[in-house]
Structures are given as structure tokens and as C-alpha cells.
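Only one structure is covered here, and it is reproduced in the block below.
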Amino acid sequence: MVQSIAPFPLSRPRRPRQSEALRRLTCEHSLSTADLIWPVFVRDGENARTPVVSMPGVERLSVDLVVRAAEKAARAGIPAICLFPYTDPALKTEDCAEAWNPDNLSNRAIRAIKAEVPEIAIMTDVALDPYNINGHDGFVEDGKIVNDRTVEALVKMTLAQAEAGADIIGPSDMMDGRIGAMRRALEAAGHFDVCILSYSAKYASAFYGPFRDAVGASGALTGDKKTYQMNPGNSNEALRLVERDLSEGADMVMIKPGMPYLDICRRVKDRFAVPTYAYQVSGEYAMIQAAAQNGWVDGDAVMLESLLAFKRAGCDGILTYFAPKAAEFLNR
């Protein structure tokens, strides 16, 4: 309930803004390193790194360097990293079998990180697009992305990642029924403590382009993903999908993209009061970086302001490529 305030000059809202101490004392929302999840791209090789041209400052890292990145994140107070593989095109097939190979890039990286940086939480991506010769998150049959057969594959992928030591499974595929299938499979296999952070409201967005470059899916993709990712014009549907995923066993939920969908973040948090996350996706990151490099904005200030916006919208955490840079500022 909004309380009435005294009229001017008895009330002067500028009073608590007069000094840094007062501004800190009356700040309603704040950002900390504990709010950050760092998405990291994994490539094959050793001591190898490849810049992602469309994402200035982001690189694909070989497994040994991903371990060093995890160490850096842990030292900075970042609680989790999220792994995305850049799969050799020769391993992309119609049946996507590399997705649940125990020795694929993601699973090797999980084991390597757990061996050297056990304190950091590892989140994974569950979708077939990095392994699919068609570039889609699900199997393509007669030009259509099929649901139920895809879910069976996603369950195998989930179990392989859990066996490798993943702490958080991140289904980003948007197939119907996948959360329930994954949760039942994890329980049956004894992986009782593995969390599911569901991409519950993932929109068919134009902001994903640089990410598809980073994982090598841009050239492979045929058509679009509008039959399984959400219509950007829909808001109530997001609430239905979040409710469904929670009922099927999701521990946490995510909205993706982030800043263009802050209204969805707020509605989800207000409605369900569950751990709620947003993904500040590649296009959001790339726009800020490009503007900063051209001198059009103060890049560091815009970075921090954009991250704070997620907290104000109700998010408990943010997946962001800015995580290590933001942590440097927050730790000062």
C-alpha cells in the first residue's frame, strides 16, 4: 500500500540524495558477486583460445583454460559458471549422439573443473543445437521440430551431465514435458541433489545472434525457432510455463533474454516467489560493448546499471558475460 507523504517543503525527496553515505543508506536494491553466473564457451584443444568476434572480450577456451577461468571466478566470489560447447562440425549429426557422449567437451570440462575447483557450482546447457547438423534445439523430422523424441534425447544428455558432476542442469530447449522427464530420470538414477534451472520463458528473440556464432550454430540453422520458443508478444503465457515447470520439478526458473523482458521477470517473481533468474544474452552484451568501444556510452557504468536493473525487477541472479568484469568493480 502506497503511503501518503507530506507536501513540499515538509517533504523534500532530495534530502536523502545529498551524500554518498545517505544514498547508500536509502538504496532499495543492490548488486553483489553472489548474483552472478558466468557463461563460458568451451572449445577443443589445449592452452587454446579463440575470440568471438561478435562478442568483444569473450573467447572460446579449451578445457584447461576453462579450469583457470573457474578458478578466477571462485576467487572473485562468483558462485557459478555455465558451460556452452563449441562442437567440432564433424561431430554434428542428425541423431545428435555427441550430446550425451560422456567424453564430450562439456562433460570433460565439468570433470576437470570439479577436480580442481570443487567449490564453484557448474551449470550446464541442455539442448541439441550444439550437436545438431540442423542447428535446432530438437530433432527435425520432415521439416518439423519433434517434441517427444527430443525429450528422450534431452534426458540422456541430462544424465550424462549429472554423472560428470554438474550441479545445475539448464534446459534451454523449450520442449514440452522435458522438466518432468528430467526430474524423474535424475531421481531414478540417484541424482537427488542436482538442481534444475529451467529456461521456462525463453523467447524467440533476435538478440541471440552472437551466441549462435560463439557455439557455431549460426551456419547450421535452417529456418527459425518460433515453433518452440515463445512469441515476444506474450506475457501471460510465460506465467503458465513457469507454473508448469515448477509443478514438474524445476528448482529455479529463468527468463531469456533479459533486459527486453524485465516485465516478465517482475511478474514471475511477484507471482511465484521462487528463485528467479535472467540471462543477459549475447546481443545485449554485444550492444553495450559496441557502444562503449565507440565512445557513445560509459561502458562500465552502463554494465553495472544494466545488471542492477535485473535485481530491481526481482531477479535473484543474472547470467552475464560481464560477470568477471562486474566482479572486479564489486570487489573494490
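Do we have any residue at all in the stretch 160-171 that's under 19 Å from Cys96 (Cα atoms), out of contact with any Leu (no Cβ under 6 Å at 6 or more places or on another chain) and assigned to a loop (DSSP other than H, G, I, E, B)?
Checked against the condition, which is being under 19 Å from Cys96 (Cα atoms), out of contact with any Leu (no Cβ under 6 Å at 6 or more places or on another chain) and assigned to a loop (DSSP other than H, G, I, E, B), the stretch 160-171 yields no hits at all.
Looking at the stretch 307-332, which of its residues are within 23 Å of Lys72 (Cα to Cα), in a helix (DSSP H, G or I) and either touching a strand residue (DSSP E or B) at 6+ places or on another chain (Cβ under 7 Å) or among the small types (Gly, Ala, Ser) (or both)?
Leu307, Ala323, Pro324, Ala326, Ala327
I need the full set of residues from the stretch 101-134 which are out of contact with any Cys (no Cβ under 7 Å at 6 or more places or on another chain), outside any loop (DSSP other than H, G, I, E, B) and hydrophobic (A, V, I, L, M, F, W, C), in order please.
Leu105, Ala109, Ile110, Ala112, Ile113, Ala115, Ala121, Ile122, Val126
Where in the stretch 30-70 are there strands (runs of 3 or more DSSP E), lying fully within it, with 1 or more residues that are in contact with a Ser or Thr (Cβ under 9 Å, 6 or more places away or on another chain), surrounded by 19 or more Cβ atoms within 10 Å (Cβ to Cβ) and not aliphatic (A, V, I, L, M)?
Output list reads 36-43, 59-62.
Select from the stretch 289-320 the residues that are touching a residue at least 40 places away in the same chain (Cβ under 8 Å) and polar (S, T, N, Q) and write down the one among them that is surrounded by the fewest Cβ atoms within 10 Å (Cβ to Cβ).
Residue satisfying both the conditions and the ranking: Gln293.
Results for (1) closer than 28 Å to Leu308 by Cβ; (2) buried (at least 16 other Cβ atoms within 10 Å of the Cβ); (3) touching a helix residue (DSSP H, G or I) at 6+ places or on another chain (Cβ under 8 Å); (4) in contact (Cβ under 8 Å) with a residue 60 or more places away in the chain, shown as yes or no for each residue.
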site: Ala181; (1), (2), (3), (4): no, yes, yes, no
site: Ile196; (1), (2), (3), (4): yes, yes, yes, no
site: Tyr199; (1), (2), (3), (4): yes, yes, no, yes
site: Tyr208; (1), (2), (3), (4): yes, yes, yes, yes
site: Arg244; (1), (2), (3), (4): no, yes, yes, yes
site: Glu248; (1), (2), (3), (4): no, yes, yes, yes
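Every number in this text was worked out from the coordinates using simple rules, so none of it is lab data. This one's a predicted model, so the numbers in the text were calculated from it and none came from an experiment. In this analysis, Cβ positions are derived from the backbone assuming ideal geometry, glycine residues included, and neighbour counts consider all displayed protein chains.
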